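Working notes, beginning with the structure itself.
Every number here is computed from the coordinates shown, using simple stated rules; none is lab data. Everything numeric in this text was worked out from a predicted model, so none of it was measured. In this analysis, Cβ positions are derived from the backbone assuming ideal geometry, glycine residues included, and neighbour counts consider all displayed protein chains.
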Amino acid sequence: MDKFELETISILRELGIPAHIKGYRFIISATKYLRENPNSIYRITKELYPEAGKSCDEKIASRVERGIRHAVSQATVDEAIWVKELGRTGPMPNGEFLAALDEAVRIRMVE
């Protein structure tokens, strides 16, 4: 586990996203893939979801999408935490959430 993944996990915990939900692992996998392929944020359905699913043994992209959506919907509703961590209020669409999370992790890595 590298520092990028640890920062991702830290933010997910602060947002209150439960670790026992499949979508939690999908989010971590998606952010790892985004780190290496930042333009995949523009090809979420065709590229990002399938790649995030591969590392979690999920072959169906729609299940990855649903898992991430479910995980985000289970997050803490405290908007102050969302604004502090992601600069936006949540919950939000998957693409927007993943882009904001990736950006927040990159900012933390610089600080």
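Under 4 °C and 1.567 mPa s, how fast does the range 24-75 diffuse according to Stokes-Einstein, given a Kirkwood radius computed over C-alpha pairs? Answer in µm²/s, whole number. The calculation lands on 122 µm²/s. Overall, the ratio between the Cα radius of gyration of the range 63-111 and 2.2 N^0.38 Å, rounded to two decimals, is 1.15. What is the helix-to-structure angle for 61-73, meaning the angle in degrees between its Cα long axis and the longest Cα principal axis of the chain, kept from 0 to 90 and rounded to the nearest 10? In the chain, helix 61-73 runs at an angle near 20 degrees to the longest axis. In a Debye calculation with equal point scatterers on the alpha-carbon sites of the chain and no solvent, what is log10 I(q)/I(0) at q = 0.20, 0.22 Å⁻¹? Log-scaled intensity ratios, in q order: -1.02, -1.26.
Treating only the Cβ atoms of Lys and Arg (+1) and Asp and Glu (-1) as charged, compute the dipole magnitude of the chain about its Cα centre; round to the nearest 20 debye. Let's see the in-between values first.
On the way: 17 positive and 17 negative charges, 71 e Å.
It works out to roughly 340 debye.
For trypsin sites (Lys or Arg not before Pro), the sites in the range 8-111 that DSSP calls loop and that have at most 11 other Cβ atoms within 10 Å are 59. Would you be so kind as to identify which of 21, 99, 4 lies farthest towards the positive end of the dipole of the chain, taking Lys and Arg as +1 and Asp and Glu as -1 on Cβ and the Cα centre as origin? Comparing the listed Cα positions along the dipole, 21 ranks first.
Taking a straight Cα-Cα cut-off under 29 Å and skipping sequence neighbours fewer than 8 places away in the same chain, the lysines within cross-link reach of residue 59 are 3, 22, 32, 46.
Can you give the local net charge around residue 22? Use residues other than it whose beta-carbon is closer than 10 angstrom to its beta-carbon, Lys and Arg +1, Asp and Glu -1.
Spelling it out: positives minus negatives among the neighbours equals +2.
Ranked by the mean number of other Cβ atoms within 10 Å of their residues, highest first, the peptides 71-77, 15-21 come out as 71-77, 15-21. In the chain, helical runs assigned H by DSSP with n ≥ 4 each contribute -39500 (n - 2.57); averaged across all residues and rounded to the nearest 500, the mean residue ellipticity at 222 nm is -20000 deg cm²/dmol.
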